[in-house]
Amino acid sequence: MRAYLTVDHGSLMMSDTTAGAEIRMQHSGLTPAYKVRLDAAVEVAPYYLTAPRLGDPFTMAGRQSFEYVALYGGEPIKNTISLPSGSFEAIRLVRSSDPMKPLGDQRFYIHGSVRYLDIFGIENPLLERRYDFCFVFHPDRDPAGSEHGCEDYNKPG
């Protein structure tokens, strides 16, 4: 009976100064989701995260936050999450094809959290639902993106 939200993504969109992708929140369930909040960020980090390395999407600089009253039905909510304009160094790190560079193989990670209430928690904010997500992109090797390499950050709620 409760609301369930899923999170999906579009392909990497990239220019010389920024990179990002569309994040889509889709409703599935029988009742609406209320007070929907999305907090997300783009980071550059080594490919295959071996230890928690990504920042906290609720507090890190450059995070993007969105709020919606409700989500219900077949039409998703879409937001583009991207690096700030002028992120030349981040673009250079990911595009470098030198496998011997000191920082290793870098990727774009779009990660964050969707929080919401459903009909059973609308009067009690302690029953907030949460869906953590992480997607990884490389402009040449994987512009469509995947979850491979950041599985520890994906926690559907």
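Taken together, the values in this text are just the output of simple stated rules run on the coordinates, not laboratory data. Model, not experiment: these values are computed from the prediction. We place every Cβ from the backbone using ideal geometry, glycine too, and count neighbours over all the protein chains shown.
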>> Test of understanding: what is the full-extension gain from D105 to R24, defined as 0.36 nm times their sequence separation minus their Cα-Cα distance?
In response: 26.4 nm
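Going by C-beta contacts inside 10 Å, put R141, R129 in order with the fewest on the left.
On the way: R141 9, R129 19.
Placing the least packed residue first, the sequence is R141, R129.
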>> Can you work out the Karplus-derived ³J(HN,Hα) for every residue in the stretch 77-90? Use 6.51 cos²θ - 1.76 cosθ + 1.60 with θ = phi - 60°, whole Hz, and x for glycine or proline.
In response: 8, 10, 9, 8, 10, 8, 5, x, 4, x, 8, 4, 5, 5
> With labels modelled as points extended 7 Å from the Cα through the Cβ direction, what inter-label distance (nm, one decimal) is found for N154 paired with V69?
Replying inline: 3.4 nm
>> Can you match semi-axes √(5λ) of the Cα gyration tensor in Å to one of these, (1) 24, 20, 17; (2) 31, 18, 14; (3) 31, 14, 13, based on a calculation from the structure here?
In response: (3)
> Any idea which of Y109, P46, S96 is furthest toward the positive side of the dipole for the chain, if Lys and Arg beta-carbons carry +1 and Asp and Glu beta-carbons -1?
Replying inline: Y109
